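What follows is a set of notes on a single structure, which appears directly below.
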Amino acid sequence: MKIGIVCYPTFGGSGVVATELGQALAAEGHEVHFISYSKPVRLEGEVKNIQFHEVSVIDYPLFDYSPYEIMLSSKLTDVAKKYHLDLLHVHYAIPHASAAYMAKQVLASQGIKIGVVTTLHGTDITLLGKDPAFEPVITFSINASDAVTTVSESLKKDTLKYFSVTKEIKVIPNFVCLEEYEIPNKEERKKLYAPYGEKILLHVSNYRKVKRVEDVLRVFDKVRKQIPAKLILVGDGPERKNIDTLCKELDTCGDIHSLGKVKNVEKIIGLADLFLLTSETESFGLAALEAMAAKVPVISTNMGGIPEVNVHGFSGMLSNVGDVDDMAKNALSILKNEQTLQQFRVNAFEQAKKFRIEKILPMYEKLYEEVLSKQQAIGNR
Ligand code: GMT
């Protein structure tokens, strides 16, 4: 198949999922075309069957706001025609789903058919999409897609709750490539962060309010008062200043390694003994899955799709949002006993196996085939 993938090229989970999916499809022999305003961060080197097409954003003095959606639609139309694409798979509804709809209409006016698959990722529904500023167009674009997927049952429920969706929604969970998370010389590398064998806690996010990174610091503070521990923070974003202030207030800065944005998180995440995910909500919590793939148990909240990924008492522990005492208690109950920690590590990896890419990729391929055969059936009428 010839597939156009549209995504945000940044460090967000939706861009990561789209990139990894495209790479896996290309490895299966499909021709994959990424279309975005810059090259996705995890798309590295020259890869067989993959091309990247940049949407060049034109600025003009009249525009207070550049109309990116139109430029994206034009690029989609252009790439679809030039490379005879069979379908467009757009990740994150805003503005990708409506841009794809527009491209589909432009192509149809020229007698060209193309299927559109929309994958909803979370904040495009739960935070932004339901805002009246977006809702009518998002509802329309979801219903106008040839197929719609969500990354968890929880996000499917939220989508049905907030939007008048008539289209069937399929749940296709996020995935990991387990082999990528093995770390050579792990014990040596751990010493860089924990020279005296301290336990390592780790958090990865885009530091938005929804992640509650301040809770990460509070949990860590409680843990390190009981056992020697270090915290690795990966990421950056709008909450950075508040985090810096809190680490001074708690006097924890000396035990925290802030690494900023890291391209290959899989090379770091496995250094941890525990992963912390304190979010107000997550449609899925890809970072938690990545941790489990690296044999790291997860201390998380119990919101949104997180319980579909992290199983309480097995791959980690779940608490109510903001209950930092409970999270710290749970963390200590795992970290204080080496045997318990080892068992949780084994379980976390077992849980991650349920989401291995080899299981999930065929679900997308099947969906693409269904979309294409429906298109053909309509064309033959
Ligand atoms: O977490 C973010 O803010 C980024 C956002 C994105 O669009 O990249 O993540 C969402 O999609 C990820 C991939 O499907 C999910 O793992 C995250 O749980 C989801 N974030 C939220 O729902 C807050």
For residue 82, the aspartates and glutamates lying under 17 Å Cα to Cα, once residues fewer than eight places off in the same chain are dropped, come out as 31, 54
Amide H proximity to residue 257 below 5 Å, modelled H, separation 5+ or other chain, gives 231, 232, 233
Within the set 127, 318, 88, GNM on the chain using Cα springs under 10 Å gives the largest fluctuation to 127
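Counting alpha carbon pairs within less than 8 Å and at least 6 residues apart, what relative contact order, in whole percent, applies to segment 178-353?
Numbers: 339 pairs, mean separation 41.4, N = 176.
Computed value for segment 178-353: 24 percent relative contact order.
First compute the accessible area of segment 198-270 with a 1.4 Å probe, then give the percent of it belonging to carbon and sulfur atoms. Mind showing how you got there, number by number?
Working: 1480 of 3230 Å².
Answer for segment 198-270 is 46 percent, counting heavy atoms of protein chains only.
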Descending packing, highest mean Cβ count within 10 Å first, for 167-180, 322-335 is 322-335, 167-180
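Run through every distinct alpha carbon pair of segment 178-353 and return the Kirkwood hydrodynamic radius in angstroms, one decimal place. Walk me through the intermediate numbers first.
On the way: mean 1/r = 0.0639 Å⁻¹.
Result for segment 178-353 stands at 15.7 Å.
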The answer for residue 116, listing residues at least 5 apart or on another chain whose modeled amide H is closer than 5 Å to its amide H, is 88, 146, 147
With Cα springs under 10 Å, the Gaussian network model of the chain assigns the largest mean-square fluctuation among 263, 353, 156 to 263
GNM on the chain, Cα springs under 10 Å; top mean-square fluctuation among 258, 152, 73 goes to 258
Placing +1 on each Lys and Arg Cβ and -1 on each Asp and Glu Cβ in the chain, then taking the dipole about the Cα centre, the residue among 67, 301, 22 whose Cα reaches farthest towards the positive end is 22
Once the dipole of segment 178-353 is set up from charges on Cβ (+1 Lys and Arg, -1 Asp and Glu), the residue from the list 283, 347, 210 lying farthest towards its positive end is 210
Lys and Arg at +1, Asp and Glu at -1: neighbours of residue 3 with Cβ under 9 Å from its Cβ sum to -1
For segment 178-353, the dipole about the Cα centre with charges only on Cβ (Lys and Arg +1, Asp and Glu -1), to the nearest 20 debye, works out at 320
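Solvent-accessible area per residue for the chain at a 1.4 Å probe radius, Å²?
Heavy-atom SASA per residue in the chain reads 45 Å².
For the chain, take N as its residue count and report Rg(C-alpha) divided by 2.2 N^0.38 Å. Show your work: numbers first, answer last.
Details: Rg = 21.6 Å, N = 381, 2.2 N^0.38 = 21.0 Å.
The chain yields a ratio of 1.03.
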Phi-derived 3J(HN,Hα) across segment 242-254 with the Karplus relation (6.51, -1.76, 1.60, θ = phi - 60°), rounded Hz, x for Gly and Pro, is 4, 5, 4, 5, 5, 5, 6, 4, 7, 6, 10, 3, x
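The values are calculated or read from the model by the stated rules, or taken from the named source; none is laboratory data. Keep in mind that what you see is a predicted model, and the values were worked out from it rather than measured. Neighbour counts run over all protein chains shown; Cβ positions are idealised from the backbone, glycine included. These accessible areas exclude ligands, DNA and RNA; they are computed on the full protein's heavy atoms, side chains included. Shrake-Rupley method; radii C 1.70, N 1.55, O 1.52, S 1.80 Å.
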